[in-house]
Amino acid sequence: MNQHVIQAYQQAPWRSQVQAIVLFLVALVVVALVSGLYLSISAQTSAEGIAIQNLETQRDDLERQIANLKTQAGQLSSASQMEERAKALGYQETDPSNITYMVIAGYPGRQAAQLAPINPSQSQPQSLIKSDYTESLWEWLFQGALQLNNSMGGGLE
């Protein structure tokens, strides 16, 4: 009877083979999914790396163009170039004795730069630091001790 119970619960050989094949196929599918996910992430990372390199190349090109344009602007605004263009436009150098100055009523002229205060009361620099912060710890403790002594009625004489 014991043999019949074991035989009843025992699987048929073809079922064991099917289970092994299914387990192998499931493992194969899991490996394929993980590999596909890895390849997808690697491809995205490579594409982003190439995009970053392209942007860095564009930035370098733009920086070179900016430097070139600054050089050209410096050359065009140099004294010799400005003088040549002024002569080409018909301007002439003048002699300071040929210059005529005009006096215009109501025009105060160029204002002089004020480097120092005119008001004498402003001539003393005012401290930006409060006097409370310029006192040392010992002075503060001594003042506190004096105030405590005076408030207790024992003044120093």
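Nothing in this text is a laboratory measurement; each read-out follows from the coordinates by a stated rule. As the structure is a prediction and not an experimental result, all values here were calculated from the model. With ideal geometry, Cβ positions are generated from the backbone for all residues, glycine too; neighbour counts draw on all protein chains shown.
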Practice task
Between residue 47 and residue 69, with labels modelled 7 Å along Cα→Cβ, what's the label distance in nm to one decimal, could you check?
Solution key: 3.3
Practice task
Any chance you could run the full-extension gain for residue 92 through residue 116? It's 0.36 nm times the residue separation minus the Cα-Cα distance, nm to one decimal.
Solution key: 4.6 nm
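Suppose the chain between residue 19 and residue 78 were pulled fully straight at 0.36 nm per residue; how much longer would it get relative to their current alpha carbon spacing?
Residue separation times 0.36 nm, minus the Cα-Cα distance, leaves 12.4 nm.
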Completion exercise
Applied in sequence order to region 32-42, the curve 6.51 cos²θ - 1.76 cosθ + 1.60 (Karplus, θ = phi - 60°) yields integer Hz couplings, x standing for Gly and Pro, of 5, 5, 5, 5, x, 5, 4, 5, 5, 5, 4
Practice task
Just rank 82, 152, 102, fewest to most, by other beta-carbon atoms within 10 angstrom.
Solution key: 102, 152, 82
Exercise for the section: Give me the distance in nm between label points sitting 7 Å out from Cα along the Cα-to-Cβ direction at residue 143 and residue 101, one decimal. Expected result: 5.8
Handout entry: Calculated from backbone phi, Karplus (6.51, -1.76, 1.60) coupling profile of region 136-150 in Hz, x at Gly/Pro
Key = 7, 5, 5, 4, 5, 5, 5, 4, x, 5, 5, 5, 5, 5, 5
Problem - J(HN,Hα) series, region 48-53, from Karplus relation 6.51 cos²θ - 1.76 cosθ + 1.60, nearest Hz, glycine and proline x - result: 5, x, 5, 4, 5, 4
